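The values are calculated or read from the model by the stated rules, or taken from the named source; none is laboratory data. Small disclaimer: the values here were computed from a predicted structure and weren't measured. Cβ coordinates were reconstructed from backbone atoms using ideal geometry, including for glycine residues, and neighbour counts include every protein chain displayed. The protein model used for the area step is the full one, side chains on, heavy atoms only, and it has no ligands, DNA or RNA in it. Shrake-Rupley method; radii C 1.70, N 1.55, O 1.52, S 1.80 Å.
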Amino acid sequence: MQGDKTLTEFIIGEQRRFPHATGNFTALLNDIHLACKRIAYLVGRGALAHALGHAEPRNTQGVEQMKLDVMANEIFLRTNEWGGQLAGMASEELEHPHAIPDQYPRGRYLLVFDPLDGSSNVDVNVSVGSIFSVLRAPEGVIDPLERDFLQPGVEQACAGYAIYGPTTMLVITLGRGVYGFTLDRETFTFVLTHPQIRIPADTQEFAINMSNMRRWEPPVRRYIDECLAGAEGPRGKDFNMRWVASMVADVFRVLSRGGIFMYPRDARYPEGRLRLMYEAKPMAFIVEQAGGAATDGRSRILDLQPKTLHQRVAVVLGSKNEVELVARYHQK
């Protein structure tokens, strides 16, 4: 297991690449992965933690929350607000940015997160996860406003996600490749198990919610029709379809063996369904760092300038050649 290098050892090793580093970024990443471990424990207990079922009221986007959504959000806030590394936080579950309480010092980073992605799967014991993105606060800003968070994906200092499944894993990029760490449940330590993850450029596997087919735009329908035509069709090969309805699980499969994940625009969601800040941007950063590509069909996701904290966007990401083909179909 890569010499049993832990996540903390890996992060400190990266810090030593920069002689003038203060250690604040390292401390922040340690707090983030502690939050993920706490959520992993909660998810693992399931009904024993009285964490299943729906919560009231709905969240800021009008989406029905699970109890675990609320609990995971609270864990992220409380684990990360006190350390002095953050100027502020933004959560998918909150309408406005979360201010650091007055009793804690302020830092130079911003943390954006989806505390429990795929939470509708919790009650049926399917993998869920947490997605996070670290940004630099604008110079001199200690009490950030919403506009201070609205940075394009290319400005991310770090992105990652935890997946709570048969094993708990943390996947992270600092802009120099993608690394996967598995949680050792005996020592409760993340250990490096997947160094320098790379996505194959070609694939024969796609992930999309086929029940929305009647609402898709023509470029997406064309691409999927060609995949379904198999070896007898224009692509000349058979494709498999996979769909977990948990983005962290579907993207991890893409990272592990290639594939394309699609949540396109449709008649119900003309701008797209997934959140740019909390889901699309961090996942696009990870996928590109692993050699893949990520687009909304028309533009590279990392180049998009966010307009609001809860902006939605179409997402097509994964194996580079397939993603570029979908983008060409949109251009036509």
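Descriptive notes on the structure:
- Cross-chain or 6+ apart pairs with Cβ under 9 Å, the stretch 287-307 first and within 24 Å of GLN196 (Cα to Cα) and polar (S, T, N, Q), then open to solvent by less than 50 Å² (accessible area, probe 1.4 Å) and in a helix (DSSP H, G or I): THR295/ALA284; THR295/ILE301; THR295/VAL323; THR295/VAL326; THR295/ALA327; THR295/HIS330
- Any pair with Cβ under 8 angstrom, 6 or more apart, that starts in the stretch 208-223 at a residue that is over 17 Å from GLU324 (Cα atoms) and ends at one that is open to solvent by 60 Å² or more (accessible area, probe 1.4 Å): ASN209/TRP243; MET210/MET241; MET210/TRP243; ASN212/ARG268; MET213/ARG221; ARG215/ALA267; ARG215/ARG268
- Index of the failed condition, GLY230 passing every other in (1) open to solvent by less than 10 Å² (accessible area, probe 1.4 Å); (2) without any contact (Cβ under 8 Å) to a residue 40 or more places away in the chain; (3) closer than 30 Å to HIS96 by Cα: (3)
- Qualifying residue in the stretch 67-76 (condition: of a type outside the set (Phe, Trp, Tyr), surrounded by fewer than 18 Cβ atoms within 10 Å (Cβ to Cβ) and part of a strand (DSSP E or B)): no
- Residue satisfying all of: in the stretch 139-156; among the charged types (D, E, K, R) and in a loop (DSSP other than H, G, I, E, B); surrounded by the most Cβ atoms within 10 Å (Cβ to Cβ) among these: ASP143
- Evaluation of GLU93 against (1) charged (D, E, K, R); (2) part of a helix (DSSP H, G or I); (3) under 19 Å from PRO282 (Cα atoms) (one fails), failing number: (2)
- Flag if GLY88 is surrounded by 16 or more Cβ atoms within 10 Å (Cβ to Cβ) and in a loop (DSSP other than H, G, I, E, B): no
- Any hit, the stretch 190-213, residues being open to solvent by less than 40 Å² (accessible area, probe 1.4 Å), within 30 Å of ALA99 (Cα to Cα), modelled with pLDDT of 95 or more and not charged (D, E, K, R): yes
- Against the test of being under 20 Å from VAL313 (Cβ atoms), hydroxyl-bearing (Ser, Thr, Tyr) and either open to solvent by 50 Å² or more (accessible area, probe 1.4 Å) or modelled with pLDDT under 95 (or both), the options TYR223, TYR278, TYR269, TYR263 yield a single qualifying residue, TYR269.
- Qualifying residue in the stretch 125-133 (condition: touching a helix residue (DSSP H, G or I) at 6+ places or on another chain (Cβ under 9 Å), at pLDDT 95 or above, more than 22 Å from GLY46 (Cβ to Cβ) and open to solvent by 40 Å² or more (accessible area, probe 1.4 Å)): no
- Where a residue in the stretch 75-104 is within 16 Å of CYS36 (Cα to Cα) and its partner, wherever it lies, is of a type in the set (S, T, N, Q) and open to solvent by less than 70 Å² (accessible area, probe 1.4 Å), with Cβ under 6 Å and at least six apart: SER91/ASN73
- Looking across the stretch 98-120 at every residue that is open to solvent by less than 40 Å² (accessible area, probe 1.4 Å) and assigned to a loop (DSSP other than H, G, I, E, B), the one that is nearest to ALA280 (Cα to Cα) is identified as GLY118.
- THR167 meets the stated requirement of being under 23 Å from MET71 (Cβ atoms), surrounded by fewer than 16 Cβ atoms within 10 Å (Cβ to Cβ) and among the polar types (S, T, N, Q).
- Residues in the stretch 157-202 that are among the basic types (Lys, Arg) and not in a loop (DSSP other than H, G, I, E, B): none.
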